[in-house]
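Below is one structure, written out as structure tokens, with a few remarks after it.
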Amino acid sequence: MPGFEVFGEEEKREISDVLETGVLFRYGFEKDRKGNYKVAEFEKRFADMCGASFSLAVSSGSAALRVAMAGLGIGPGDEVITQGFTFIATWEAIIESGATPVFTEVDDTLCMEPADLERKITGRTKAIIPVHMIGAQANMREIVGIANRHGIPVIEDTAQASGGKLDGRYLGTFGAVGIFSFDAVKTITTGEGGMIVTNDKGLYLSCSAFHDHGHEHIPGVERGLDNRRFMGFNFRMMELQGALGLAQLAKLPFIIQEQKRNKETIKTALEKIEGITFRRILDLEGDTATFLAFFLPDGEKARRFNGVLSKNKVGAIYYRDNTWHFYPNWNELFNGTTLCKSGWPFKNNVSGIDLTYQKDAFPKTQGLFERLLVYPISVKMSEEYLTRVTAAIEDAAKEVL
Ligand SMILES: Cc1ncc(COP(=O)(O)O)c(C=O)c1O
């Protein structure tokens, strides 16, 4: 997911526009900023690309999740459903909001399993967060259908799938609100940064105020002379990030196109091997191609296959052992470890609910992940590297399958 690979003159030009004014703050300083509103312009172009009515840039993808939940009024006593394969930020943001994370199995899309979502909905469920993991679509047709039947808003965690689509529509625009990440390793990057998109003006205004200490951002009203409808916090993006975002956004179609080409080369080698199957991608055209995920017949073969790849210095990711993205390895969640001496937020929660989770709660997901290997795909994969990967795959197939 490598926006940093394509840094060039465009990023430098955008950044120097900002440095020449000395204005790093996204609001105010009208006399000094020489017409530069990089964050606001980045927001507008991102919303235009997605076909969303409103967008709000924030300081990170994690912040985007937190702000979106604040905008939806989520807090203690509420449950928010997400999936057992995601980056920890998704459930950290739920806990930071005071709410209780509830998890689902993932299916062979590697995203939320709709049937398990349906089972997990209770009277307390106040939001559903499907995550478009490792570059491709969650099953939004079914997930949004279920959510609508129950009248629950969907927050799409699109941190790992900027520019992805389903049925021609941009990911992040199927639910009430979509969030994106532009952290250092994402498809487009601003170093740290995130975006919220929505078509709901009221939700946008609430998010906008919450992310900036309650400021109302009323055009024509001087900053500081506005009122505060409610308390907020600081999750603002700054102008240097907005500048980077503008340059990176223009390169997004190129990034995805190159990744698709590289992914296809490796996939072609894997397709020749009997016994290998692929992650189900609901819309190949809309894949961002940041990862290539494939299954071996069983866990033992997956580990041996990856052993041969690693010996050839082209090892794949074995998410089953990954401590950041895979539910059974989230030890701080199971052990309730926190810096807070009272045990909050796992214990002494204001909702009166102690958070407890079982490691072995998702047998289907665990079964899938035993067999799953994933190649990260980037923009600049040399012919030499791709040839080495292809040869290593052939070696591994001969040895293991
Ligand atoms: C699925 C998912 N959600 C949220 C985030 C958080 O984004 P950030 O790193 O910008 O806070 C990430 C980051 O990796 C992610 O992968």
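The values are calculated or read from the model by the stated rules, or taken from the named source; none is laboratory data. Bear in mind that the values here come from a model prediction, so they are computed numbers and not experimental data. Positions of Cβ are generated from backbone atoms using ideal geometry, with glycine treated the same way; all protein chains shown enter the neighbour counts. All accessible areas refer to the heavy atoms of the entire protein, side chains included, with ligands and DNA or RNA removed. Shrake-Rupley method; radii C 1.70, N 1.55, O 1.52, S 1.80 Å.
Values as computed for the structure displayed
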read-out: Spacing of the two label points (7 Å from each Cα toward its C-beta) at Asp395 and Lys347, in nm; value: 5.1 nm
read-out: Full-stretch length increase - Glu264, Arg304 - with 0.36 nm per residue and alpha-carbon distance subtracted; value: 12.0 nm
read-out: By average C-beta atoms within 10 angstrom, highest first, the peptides 99-106, 247-254; value: 99-106, 247-254
read-out: Pairwise Cα inverse-distance average, inverted: Kirkwood Rh of the stretch 212-344 (Å); value: 20.4 Å
read-out: Value in Å of the Kirkwood radius, where the stretch 67-129 supplies the Cα pairs that are averaged; value: 11.7 Å
read-out: For Thr100, residues with placed amide H under 5 Å, excluding near neighbours; value: Gly77, Asp78, Glu79, Val80
read-out: Extension reserve of the Ala40-Glu20 stretch, reckoned as 0.36 nm per residue once the Cα distance is removed; value: 5.4 nm
read-out: Phi to ³J(HN,Hα) by Karplus 6.51 cos²θ - 1.76 cosθ + 1.60 over the stretch 108-119, Hz, x for Gly, Pro; value: 6, 7, 6, 10, 3, 7, x, 4, 5, 4, 4, 5
read-out: Loop-located chymotrypsin sites (Phe, Trp or Tyr not before Pro) in the stretch 162-235 whose Cβ has at most 14 other Cβ within 10 Å (DSSP); value: Phe230, Phe233
read-out: Taking the chain and dividing mean pair separation by its residue count, relative contact order in percent (alpha carbons under 8 Å, at least six apart); value: 20 percent
read-out: For the chain, convex hull volume per residue from C-alpha positions, Å³; value: 144 Å³
read-out: Solvent-accessible heavy-atom area per residue, rounded to whole Å², over the stretch 1-116 at 1.4 Å; value: 36 Å²
read-out: Antiparallel content of DSSP bridges confined to the chain, in %, to 5; value: 65 percent
read-out: Backbone N under 16 Å from the Tyr385 label point (7 Å along Cα→Cβ), restricted to the stretch 6-20; value: 6-7
read-out: Inter-label distance for Phe233 and Asp283, nm, one decimal - labels placed 7 Å from Cα along Cα-to-Cβ; value: 3.3 nm
read-out: Per-residue ³J(HN,Hα) for the stretch 184-192, Karplus 6.51 cos²θ - 1.76 cosθ + 1.60, θ = phi - 60°, Hz, x for Gly and Pro; value: 4, 10, 8, 3, 10, 10, 10, x, 10
read-out: Beta bridges per DSSP with both ends in the stretch 112-247, % antiparallel, nearest 5; value: 60 percent
read-out: Rule-of-thumb Rg ratio for the stretch 8-105 [Cα; 2.2 N^0.38 Å; N residues]; value: 1.42
read-out: Gyration tensor (alpha-carbon) shape descriptor, the stretch 133-279, a/c threshold 1.5; value: oblate
read-out: Listed pairs Lys120/Lys201; Lys44/Lys263; Lys44/Lys165; Lys272/Lys311; Lys186/Lys347 exceeding 23 Å between Cα atoms; value: Lys120/Lys201; Lys44/Lys263; Lys186/Lys347
read-out: Carbon and sulfur %, accessible surface of the chain computed with the full protein complex present, 1.4 Å; value: 54 percent
read-out: Amide H contacts under 5 Å for Phe278, placed H, 5+ residues apart; value: Phe295
read-out: Heavy-atom surface of the stretch 227-321, accessible at 1.4 Å and reported per residue (Å²); value: 48 Å²
